[in-house]
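What follows is one structure encoded as C-alpha cells, with my remarks underneath.
The values are calculated or read from the model by the stated rules, or taken from the named source; none is laboratory data. All figures in this text were calculated on a predicted structure; none of them were measured in a lab. So basically every Cβ, Gly included, is an ideal-geometry build from the backbone, and we count neighbours across all protein chains shown. Surface accessibility is based on the protein's heavy atoms, side chains included, excluding ligands, DNA and RNA. Shrake-Rupley method; radii C 1.70, N 1.55, O 1.52, S 1.80 Å.
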Amino acid sequence: MPLSRRELLLAGASAPFLTACATDLSQYSGEPLPTLAARLGVCAASHVALNAGRPGAPVWESGCASASRWPSDPVFQAASLTKPVIAFAALKLVREGRLDLRAPVSRYLPEGYAHRQKPFNGPADNPIDRVPASTLARIPVGTLLNHSSGLPNWTRGALLPGFEPGTRWQYSGEGYVLLQAVLSVVAGQDIETFMSTTVFEPLGMRSTRLRLTDDIRERVVDGSSSLGGGVRFDITEPNAAASLYTTAEDYAKLMTAWLTDAPLLSLALAHPIPVDPALGLAWGQGWGIETAAGGPYLWQWGNNPGFRAFAMVSAASGNGFVLLTNSERGMPLAAPLARATVPAEHGVFRFHMLG
C-alpha cells in the first residue's frame with residue numbers, strides 16, 4: 001500500500017538525514033547566527049537564552065529578504081519539543097501519587113489500547129489495531145518517558161514492543177502517544193484540556209497549544225523544506241509526541257519551571273538509560289541527558305516537516321537556550337547558540353539523529 005503524502009512527510013522528518021550521520025554540527029559554532037541563517041536560507045528563527053534559569057527576551061533571526069512578511073509574534077511547530085512538555089505534566093502526576101512509573105501500562109488501560117496507525121491523517125483515514133492488556137502489562141509507564149519501551153518511532157501496522165521493555169533505548173513517538181492515553185485516564189480529562197490546565201495556563205504559556213487552533217492560526221509561520229520550498233503540515237489533533245505549537249518565549253517558561261522544581265528535576269535525571277555513551281548521551285524521564293563540562297544538560301531536538309527546533313539547559317547552572325526555526329536547514333543554528341550560552345564540548349551535536 002503506497003504511503004500518503006502526510007506519511008511520507010512524517011517519515012522524512014522522523015528518519016535521520018544521511019548528511020546528519022556524517023556531519024558534526026559543532027562546525028557551525030563559530031559562525032555568527034545572522035550570517036549562518038543567511039547562508040543556510042533559514043527565513044524564520046526565534047530563540048531565547050536562559051541565564052541562571054531566567055529567560056531573556058526573545059530574539060528574531062531571518063536569513064531571507066522576505067522577513068517582513070512574518071507575524072510580529074510568531075508561533076512555530078515545536079515538533080518533538082512536545083515530549084518534555086508532556087513529561088512535565090506526567091511527572092507532576094507522579095509527585096501527586098496518581099501515576100506510578102514502575103506500574104505496567106495495563107494498570108491504567110485494563111481494556112487495552114486503540115492504536116491509531118495513521119495519527120496525522122485525520123479521522124477519515126484512521127485504521128486502528130487493538131493492543132491487548134497482556135501486551136501493555138509488559139510495558140512499565142516509565143519506559144514510555146525514557147524511550148525504552150521497545151515500541152517503534154511510528155508504525156502503520158500492529159503496535160508491539162520490538163524488545164523487552166526497559167532493556168535498551170529506542171526513540172519512540174508511539175510510546176508518547178500511548179502515554180497520552182494513560183495521562184487522559186489518570187487525569188479524567190482529554191489531553192488537550194489536561195495540558196492547558198496543568199501546564200500552559202499555570203506557567204503563563206499563553207501562545208502555546210497542543211494542536212493548531214483557530215486563535216493562533218494567523219501567527220503560525222510557514223515551514224520550508226531542505227530545498228527551500230514551502231511545506232504545509234498542519235497538525236489539528238493533539239499528539240503527545242509532536243503536535244506542540246509555541247513560541248520561544250513560552251517554551252523558555254517551561255524550561256524555567258523544570259529548573260525551579262527540584263523534585264521534578266530529580267525525577268527527570270534519575271536512572272537514565274544509555275543512548276550513546278561515547279558521546280556522553282543518555283535519556284531520562286522526558287529529556288535527553290548529556291554529560292559534559294558544566295552539566296548535566298537536559299536536551300531535546302525537534303524535527304517536523306518544514307521545521308527544526310532544539311532546546312538545551314544545564315541542570316547545574318540554569319544556563320541554556322531554546323531555538324525554533326521554520327526550516328529543515330535550521331538545526332545548525334543550535335551550535336552557535338550553545339557556544340554563546342553553554343560553551344563546552346557537546347557530544348550531542350555529533351548525534352546521528354540530529355538533522
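Take the range 31-40 and flag every residue that is touching a residue at least 60 places away in the same chain (Cβ under 8 Å) and either open to solvent by 60 Å² or more (accessible area, probe 1.4 Å) or farther than 18 Å from Leu354 by Cβ (or both). Don't jump to the end; show me each part of the working.
Taking the range 31-40 as the starting set, the residues that turn out to be touching a residue at least 60 places away in the same chain (Cβ under 8 Å) are 31-33, 36-37, 40.
Pro32 - this is the single residue of the range 31-40 that is touching a residue at least 60 places away in the same chain (Cβ under 8 Å) and either open to solvent by 60 Å² or more (accessible area, probe 1.4 Å) or farther than 18 Å from Leu354 by Cβ (or both).
When only residues in the range 115-130 that are closer than 14 Å to Val177 by Cα and touching a residue at least 40 places away in the same chain (Cβ under 8 Å) count, which is most open to solvent (accessible area, probe 1.4 Å)?
Residue satisfying both the conditions and the ranking: Arg116.
Among residues belonging to the range 207-234 that are β-branched (Val, Ile, Thr) and buried (at least 22 other Cβ atoms within 10 Å of the Cβ), point out the one that is modelled with the highest pLDDT.
Taking the range 207-234 as the starting set, the residues that turn out to be β-branched (Val, Ile, Thr) are 208, 213, 216, 220-221, 231.
Now narrow it down to the ones that are buried (at least 22 other Cβ atoms within 10 Å of the Cβ): 208, 221.
Working: Thr208: 98, Val221: 94.
Here the answer is Thr208.
Quick check, is Glu164 surrounded by fewer than 21 Cβ atoms within 10 Å (Cβ to Cβ), among the acidic types (Asp, Glu), within 18 Å of Lys83 (Cα to Cα) and at pLDDT 95 or above? Quick ask: steps written out before the conclusion?
Numbers: surrounded by fewer than 21 Cβ atoms within 10 Å (Cβ to Cβ): yes; among the acidic types (Asp, Glu): yes; within 18 Å of Lys83 (Cα to Cα): no; at pLDDT 95 or above: yes.
Here the answer is no, as Glu164 does not meet what is asked.
Considering only residues that are assigned to a loop (DSSP other than H, G, I, E, B) and surrounded by 13 or more Cβ atoms within 10 Å (Cβ to Cβ), which ones fall in the range 99-114?
Applying the first criterion (assigned to a loop (DSSP other than H, G, I, E, B)) to the range 99-114 yields 99-103, 108-112.
Once the filter is applied, which keeps residues that are assigned to a loop (DSSP other than H, G, I, E, B) and surrounded by 13 or more Cβ atoms within 10 Å (Cβ to Cβ), the range 99-114 yields Leu99, Asp100, Leu101, Ala103, Tyr108, Leu109, Gly112.
For residues in the range 18-34 being assigned to a loop (DSSP other than H, G, I, E, B) and of a type in the set (S, T, N, Q), which is modelled with the lowest pLDDT?
Start the filter on the range 18-34 by keeping residues that are assigned to a loop (DSSP other than H, G, I, E, B), which leaves 23-24, 29-32.
Checking which are of a type in the set (S, T, N, Q) leaves us with 23, 29.
Working: Thr23: 72, Ser29: 93.
Among those residues, the one meeting the criterion is Thr23.
Please verify whether the range 70-81 includes one or more residues that are open to solvent by 40 Å² or more (accessible area, probe 1.4 Å), modelled with pLDDT of 95 or more and over 21 Å from Trp299 (Cα atoms). Can you show your working first?
Looking only at the range 70-81, we keep the residues that are open to solvent by 40 Å² or more (accessible area, probe 1.4 Å), and these are 72-73.
Filter once more, so that each one left must be modelled with pLDDT of 95 or more: none.
Within the range 70-81 (the criterion being open to solvent by 40 Å² or more (accessible area, probe 1.4 Å), modelled with pLDDT of 95 or more and over 21 Å from Trp299 (Cα atoms)), the answer is no, since none of the residues qualifies.
With respect to Arg156, is the statement that it is among the charged types (D, E, K, R), surrounded by fewer than 22 Cβ atoms within 10 Å (Cβ to Cβ) and at pLDDT 95 or above true?
Numbers: among the charged types (D, E, K, R): yes; surrounded by fewer than 22 Cβ atoms within 10 Å (Cβ to Cβ): yes; at pLDDT 95 or above: no.
So Arg156 fails the test.
Of everything in the range 132-153, what is open to solvent by 20 Å² or more (accessible area, probe 1.4 Å) and either of a type in the set (Lys, Arg) or in contact (Cβ under 8 Å) with a residue 60 or more places away in the chain (or both)? Give them in sequence order. Full working, then the answer.
Here is the first cut: in the range 132-153, the residues open to solvent by 20 Å² or more (accessible area, probe 1.4 Å) are 132-134, 137-138, 140, 152-153.
Answer for the range 132-153, where residues must be open to solvent by 20 Å² or more (accessible area, probe 1.4 Å) and either of a type in the set (Lys, Arg) or in contact (Cβ under 8 Å) with a residue 60 or more places away in the chain (or both): Arg138, Asn153.
Cβ contacts < 9 Å: first residue surrounded by 22 or more Cβ atoms within 10 Å (Cβ to Cβ), restricted to the range 177-202; second residue among the acidic types (Asp, Glu), any location; separation 6+ or different chain. Result?
Final answer for the pair search is Phe200/Asp250.
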